[in-house]
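J.: Questions regarding the structure given below will be posed in turn.
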Amino acid sequence: MINLHNITKTYPDKTLFKDLDMVIKKDSRIGLVGANGSGKTTLLRMIVGQESADAGQIQVDKKITIGYLPQEITSSSNETILHEVLNEIPEVGLLEIQIEKLSMQMAREPNNERLLDQLGQMQAEFERLNGWSHEAEAKKVLGGLGFSPEQMKFPLDQFSGGWRMRVALAQLLFKHPDILLLDEPTNHLDLASLIWLETFLKEWSGALVLISHDRTFLDKTVKQIFEIDHMTIQIYAGNYSSYVEEKKLRQDQQLAAYRNQQKMIADTEQFIERFRYKDSKASQVQSRVKKLEKLVRINPPEGEQSRISVRIPQPGRSARIIAEFRGAAKSYGPLEVFHQLNLRLERGQRIGLVGPNGAGKSTLLKMLAQVEPLSAGKLVWGEGVESAYFAQHQFESLPMEDTIYELISNENPKWQVTEVRTYLGSFLFSGDTVDKKIKILSGGEVSRLALAKMLSTPSDLILLDEPTNHLDMRSRDVVQEAIASFTGTMVCISHDRHFLNAVTNTIIEVEKGGIRIFPGNYEYYLWRKSQDQSERGEEPQKIQSESSVKSGNEDYHNRKKLANRLKKLPLLIQECEAALSRQDALLNDPDFATQYEKIQGAIDEKEVLEEKYLSLLVELESLEEELK
């Protein structure tokens, strides 16, 4: 459907592509990846004709339709967002008007066969365009992307840039083009909308080319990875996880081939040097000289993917209770966000806040950061607890005239030059880059720098609002490693599920003015939610199958059993905690260090105890809910 052949694109300071080839077929599902600045967005813009190639050909089948979502949208309109979406297929609206007019004529001339034939043709075309469910489909797409029925009636002008991006995405999905070209479609979506889009795209029958830095999203939506590397395209079969494995394998093979060739070159040069002045070996020497001249040199793998160890300063041991909301409430005028909120944050918790858009996740984080005052209740802090807050627009508070080096050096005046440079290097700022002024950095670079600044000064509690937004894959890996290595307490909001799974040990669901706590990472949260739904689905059938008297008696006995179990659970949890402490003491005992079998046994026992401990906590929470 689309064929790019021998494409070259050059700017005054950089060549993006040289003799690049790329084919998009009708069933292609492509994830387009590459370092920031490699030309991913430029490539999509060239396909839709917004930029031209300096050399080469771009052939697009004439009959196909292309839907393109850029990173930034500047559209404005007084139309409601529902009509903005419906207008993407204007012929349906026109047909509806014409059908209505013809129907009125037919009422006056019921025997007019010419009108009847015209009406039949129009109705057939209307049905082909799915006109009967036209509005319902538009509402379904808008609803999936997070718009309420009331919001669908609002003019586009009333929405912020992020929400306008959602409208633009809804327009594309509603129109069903043959090929979708999506440039970072998840940047402005919450988790619920992201998962809806993921499901939509999995069922999408057309071709797809997707730029995204969300690896979970890529894993679930694409079947090929096209990596822009060295001004051309490298193709990998499978999703993003498969690409990572395959690329590592290719790099290992390239490194092995490079080392073998380097050894051969060294051996050959040694032979030439040793026998250069011996007439008896002149022909062999000349043969080897020519061999080296003709040799196609293998380059070593790029240093870009080399492992960088991220080391951040760590806080000391804080109070056990970091902070606690007691009967907290938050309202904005008549809108009540939280009522009688009770929540305790304990040392070592790594909390991810999830929930639908507008449920109050950012509000809760801002209440903890004390940038939003409580409407009622208290926020009590543990003794000596220090906190730090990373907001989505944190860069606005950075000194724009400072250099990258000056920012971190001023934040940590006792650090030596090498310490500052080493720290910045771990956040991918190295060499002359550290002398750049903050004002000329890209959005992703500023976000990464703001995080580096916050983490350079140890805090007991860090509060993060979408810390990986606008970061490329490598930057996300660096930030993820830094947060994962942090030994203090953390609360974060993120729609990056890979990041949430890697850095959290507790998920708090925010919804309907309250919270629900899940003791595990995001995968555990999803599993627990699915279990709860299954249980709720089975319970009504069970109750309906019993007589009212029998049901009443059994309900009483069941509740009594559950109440007795609830009394025992805290003791069982205490016993489990004590057993875990004993295993930890064994593992930390120097005299135990050389006894491998015993160490392995202690590790195995600890894993069993941790599973049991988690199970008991979940059971305790479930029983407390059930017996309220």
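The values are calculated or read from the model by the stated rules, or taken from the named source; none is laboratory data. Predicted, not measured: the structure shown is a model, and the values here were computed from it. Quick reminder, even Gly has a Cβ in these numbers, built from the backbone with ideal geometry, and neighbours come from all protein chains shown.
J.: Might you let me know whether region 97-110 holds any residue that is in contact (Cβ under 8 Å) with a residue 60 or more places away in the chain and not polar (S, T, N, Q)?
T.: No, because not a single residue in region 97-110 is in contact (Cβ under 8 Å) with a residue 60 or more places away in the chain and not polar (S, T, N, Q).
J.: Of everything in region 140-182 that's charged (D, E, K, R) and farther than 18 Å from LEU194 by Cβ, which residue is surrounded by the most Cβ atoms within 10 Å (Cβ to Cβ)?
T.: ASP178
J.: Six or more apart or on different chains, Cβ atoms under 9 Å: show the pairs whose first residue is in region 468-492 and assigned by TED's automatic domain parsing to the domain that holds ILE351 and whose second is acidic (Asp, Glu) and part of a helix (DSSP H, G or I).
T.: Between residues of region 468-492 that are assigned by TED's automatic domain parsing to the domain that holds ILE351 and residues that are acidic (Asp, Glu) and part of a helix (DSSP H, G or I), the close pairs are ARG474/GLU304; SER475/GLU445.
J.: Taking the condition of being crowded, with 19+ Cβ neighbours inside 10 Å, over 25 Å from ALA192 (Cα atoms) and not small (Gly, Ala, Ser), how many residues in region 325-362 meet it?
T.: Number satisfying all stated conditions: 2.
J.: So, one more: For region 411-425, does any single residue satisfy the condition of being out of contact with any Gly (no Cβ under 6 Å at 6 or more places or on another chain) and closer than 20 Å to ASN36 by Cβ?
T.: Yes, there is a match, as at least one residue in region 411-425 is out of contact with any Gly (no Cβ under 6 Å at 6 or more places or on another chain) and closer than 20 Å to ASN36 by Cβ.
J.: While we're looking at this one, here's another question. Have a look at LEU341, LEU353, LEU374, LEU368 and point out the one that is part of a strand (DSSP E or B), over 24 Å from SER148 (Cα atoms), assigned by TED's automatic domain parsing to the domain that holds GLU509 and among the aliphatic types (A, V, I, L, M).
T.: LEU341
J.: Across region 8-62, what is the total count of residues that are in contact with a Phe, Trp or Tyr (Cβ under 9 Å, 6 or more places away or on another chain) and closer than 13 Å to ILE233 by Cα?
T.: 9
J.: From the residues in region 162-195 that are among the β-branched types (Val, Ile, Thr) and modelled with pLDDT of 90 or more, which one is nearest to the chain's Cα centre (by Cα)?
T.: VAL167
J.: With the structure loaded, tell me whether GLY316 is out of contact with any helix residue (DSSP H, G or I) (no Cβ under 7 Å at 6 or more places or on another chain), on the phi < 0 side of the Ramachandran plot and not assigned by TED's automatic domain parsing to the domain that holds VAL503 or whether it fails that test.
T.: yes
J.: Here is a follow-up. Any residue in region 515-527 that is assigned to a strand (DSSP E or B), within 24 Å of GLY162 (Cβ to Cβ) and among the hydrophobic types (A, V, I, L, M, F, W, C)?
T.: no
J.: Going by what's in this entry, would GLU198 be described as outside the structural domain of ILE508 (by TED's automatic domain parsing), within 15 Å of the chain's Cα centre (by Cα), among the acidic types (Asp, Glu) and at positive phi?
T.: no
J.: Considering only region 459-466, I want to know if a residue exists there that is farther than 24 Å from LEU194 by Cα, part of a loop (DSSP other than H, G, I, E, B), in contact (Cβ under 8 Å) with a residue 24 or more places away in the chain and not aromatic (Phe, Trp, Tyr).
T.: Yes, region 459-466 contains a residue that is farther than 24 Å from LEU194 by Cα, part of a loop (DSSP other than H, G, I, E, B), in contact (Cβ under 8 Å) with a residue 24 or more places away in the chain and not aromatic (Phe, Trp, Tyr).
J.: Please go through region 93-145 and give me each residue that is over 44 Å from the mean Cα position of the chain (by Cα) and not in a helix (DSSP H, G or I), ordered by number.
T.: Once the filter is applied, which keeps residues that are over 44 Å from the mean Cα position of the chain (by Cα) and not in a helix (DSSP H, G or I), region 93-145 yields GLU109, PRO110, ASN111, ASN112.
J.: Let me ask something additional. Among what's in region 6-16 and is in contact with a strand residue (DSSP E or B) (Cβ under 6 Å, 6 or more places away or on another chain) and more than 15 Å from PHE226 (Cβ to Cβ), pick the residue that is surrounded by the fewest Cβ atoms within 10 Å (Cβ to Cβ).
T.: ASN6
J.: Related question: Considering (1) in a helix (DSSP H, G or I); (2) surrounded by fewer than 21 Cβ atoms within 10 Å (Cβ to Cβ); (3) hydrophobic (A, V, I, L, M, F, W, C), say which one ALA452 fails and leave the rest.
T.: Condition (2) is where ALA452 drops out.
J.: Quick one: would you say ALA55 is over 21 Å from ASP183 (Cβ atoms), surrounded by fewer than 18 Cβ atoms within 10 Å (Cβ to Cβ) and of a type outside the set (Lys, Arg)?
T.: For ALA55, the condition - over 21 Å from ASP183 (Cβ atoms), surrounded by fewer than 18 Cβ atoms within 10 Å (Cβ to Cβ) and of a type outside the set (Lys, Arg) - is met.
J.: Next question. Residues that are touching a residue at least 40 places away in the same chain (Cβ under 8 Å) and farther than 30 Å from LEU142 by Cβ: which strands (runs of 3 or more DSSP E) entirely in region 173-286 hold 3 or more of them?
T.: Answer list for region 173-286: 224-229.
J.: Within region 427-443, which residues are surrounded by fewer than 18 Cβ atoms within 10 Å (Cβ to Cβ) and in a helix (DSSP H, G or I)?
T.: Result: GLY431, ASP432, THR433, ASP435, LYS439, ILE440, GLY443.
J.: For region 559-574, name all the residues that are modelled with pLDDT of 75 or more and surrounded by 12 or more Cβ atoms within 10 Å (Cβ to Cβ).
T.: LEU569, LEU572, ILE573, listed by residue number.
J.: Grab the strands (runs of 3 or more DSSP E) fully contained in region 1-92, keeping just those with 3 or more residues being modelled with pLDDT of 90 or more and more than 23 Å from ALA170 (Cα to Cα).
T.: Passing ranges, in order: 2-11, 14-24, 55-60.
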